[in-house]
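These notes concern the structure reproduced below.
The values are calculated or read from the model by the stated rules, or taken from the named source; none is laboratory data. Remember, it's a predicted structure, so these values are computed and weren't measured experimentally. Cβ placement follows ideal geometry from the backbone for every residue including glycine, while neighbour counts extend to all protein chains displayed. With ligands, DNA and RNA removed, areas are computed over all heavy atoms of the protein, side chains included. Shrake-Rupley method; radii C 1.70, N 1.55, O 1.52, S 1.80 Å.
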Amino acid sequence: MTQQAAALQTYNNELVKCIEDLCSKRDELNRQIKLEEDEKERLQRDIRVLSEKLSKVNESLAQRLITRTNLDRTIAETEAAYTKILESSQSLLSVLKQEAGNLSKATGPRKKDH
């Protein structure tokens with residue numbers, strides 16, 4: 001029986017070592033899982049923060065685009081009005097020159113008859 005007891009002790013020692021190795025592997029796996037869970041949580045937090053920032057940038061961009069569109073329209077309307085003013089000024093100047101010429105002819109020196 002001593003041989004059987006020795007064999008049983010050897011098997012027992014190997015079994016205990018295998019169990020300890022498995023426990024050690026499980027502990028390492030738990031450590032890795034914890035690291036990845038922490039990383040996942042950090043990434044989710046970063047995504048949430050970046051999503052909020054993106055939302056704010058999109059809102060700001062939309063407002064700026066509206067403002068730019070309004071400015072473009074105002075500039076176009078102002079330029080059109082200015083062009084009309086220039087055209088009106090040119091017409092007025094033409095009319096004034098023509099009237100001034102007519103007045104000069106009407107009030108100019110009369111020729112004496114001999």
With all protein chains present, the chain has a carbon and sulfur share of its accessible area (1.4 Å probe) in percent of 58 percent
The answer for the chain, accessible area per residue at 1.4 Å probe in Å², is 98 Å²
Note to self, the chain gives a 222 nm [θ] from helices alone (DSSP H runs n ≥ 4, -39500 (n - 2.57) apiece, / all residues, nearest 500) of -36000 deg cm²/dmol
Hydrodynamic radius by Kirkwood for the stretch 59-108, inverse mean 1/r across distinct Cα pairs, in Å, is 14.0 Å
Full extension between Glu99 and Arg64 adds, at 0.36 nm per residue less the Cα distance, a length in nm of 7.5 nm
Filtered pair list for the stretch 23-103 (Lys only, Cα < 23 Å, 8 or more apart or interchain) has a length of 4
For the stretch 15-90 the trypsin sites (Lys or Arg not before Pro) that pass both the DSSP coil test and the at-most-10 other-Cβ-within-10 Å test are none
Given [x] 75; [y] 28; [z] 17 as possible values of percent of Cα pairs over 24 Å apart, the one from the coordinates is [x]
In degrees, nearest 10, the alpha-carbon axis of helix 2-107 is tilted away from the dominant principal axis of the alpha carbons of the chain by 0 degrees
Pseudo-spin-label distance Ala76 to Glu28, built 7 Å along Cα→Cβ, given in nm, is 7.0 nm
